[in-house]
1. Checking the structure you have, find out if any residue of the range 124-132 is in contact (Cβ under 8 Å) with a residue 12 or more places away in the chain, loosely packed, with under 15 Cβ neighbours inside 10 Å and closer than 18 Å to A16 by Cβ.
2. Of all residues in the range 115-132, count the ones that are of a type in the set (D, E, K, R) and assigned to a helix (DSSP H, G or I).
3. Say whether the condition of being closer than 26 Å to K162 by Cβ and part of a helix (DSSP H, G or I) is met by at least one residue in the range 56-66.
4. Within the range 92-104, restricting attention to residues that are part of a helix (DSSP H, G or I) and not hydrophobic (A, V, I, L, M, F, W, C), which residue is surrounded by the most Cβ atoms within 10 Å (Cβ to Cβ)?
5. Being touching a Gly at 6+ places or on another chain (Cβ under 7 Å) and among the small types (G, A, S) is the filter here; which residues of the range 76-90 pass it?
6. Failed condition for V46, given (1) part of a helix (DSSP H, G or I); (2) among the β-branched types (V, I, T); (3) over 24 Å from D117 (Cβ atoms), with all others met?
7. Looking at the range 19-41 only, could you name the residues that are farther than 25 Å from E86 by Cβ and either outside any helix (DSSP H, G or I) or β-branched (V, I, T) (or both)?
8. Residue check, S31 against (1) loosely packed, with under 13 Cβ neighbours inside 10 Å; (2) at pLDDT below 95; (3) of a type in the set (S, T, Y), all met but one. Which one?
Amino acid sequence: MHQQLVVEKISSILEATDNTYDVKLTHMLDSAKRIFIAGAGRSKLVGNFFAMRLVHGGYDVSVVGEIVTPSIKSGDLLVIISGSGETEQLIAFTKNAKKVGANIVLISAKSESTIGDLADAVFQIGRSEQYGKVYGMPMGTVFELSTLLFLEATISHIIHEKGIPEEVMRERHANLE
């Protein structure tokens, strides 16, 4: 029962998401000198998944908040994952990135927010009204799982578009695990 509930809810969110976002996000990723990924809580974990897959795809990627993350500069892209678009720490990251001339994309459950107002692009996952209380999927689960699947589908788009063989991706996979 609960598996079907989760699958149906995530499917409905993804069906309501603009189907051109993967192409638009890929263009932004390809246009960036370097890519920085930021989120808070479980959204940060979703960002970590995405960052790893981008590295496998050959992109220069850093996760914001890691000790080895370099400074962001003009021509770089900051990808913020935030259901609300109102997380204070992420607002500060966005302002700093904007100040130095980096491009910013927000992936969110809301079309309008503080971060969205500062961003160059906002990719709303689903529609706002789909995010009320969902039985069995508490506290942001719907957004995080939907975003994870959206970003995995974007990686699939990138791999297909660029013709990246899995063997090449495996060569880029961490070997100190």
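The values are calculated or read from the model by the stated rules, or taken from the named source; none is laboratory data. Worth saying up front: this structure is predicted, and the values here are computed from it rather than measured. Here the Cβ positions follow ideal geometry from the backbone for every residue, glycine too, while neighbour counts run over all protein chains shown.
1. Yes.
2. The first filter runs over the range 115-132 and keeps only residues of a type in the set (D, E, K, R), leaving 117, 120, 127, 129.
Within this subset, residues satisfying the condition of being assigned to a helix (DSSP H, G or I) are 117, 129.
Going through the range 115-132 one residue at a time, the tally reaches 2.
3. Scanning the range 56-66 turns up at least one residue that is closer than 26 Å to K162 by Cβ and part of a helix (DSSP H, G or I).
4. Once the filter is applied, the top-ranked residue is T94.
5. S82, G83, G85
6. Going through the list (1) part of a helix (DSSP H, G or I); (2) among the β-branched types (V, I, T); (3) over 24 Å from D117 (Cβ atoms), V46 breaks only (3).
7. N19, T20, V23, T26, K33, R34
8. Just one mismatch for S31, condition (2).
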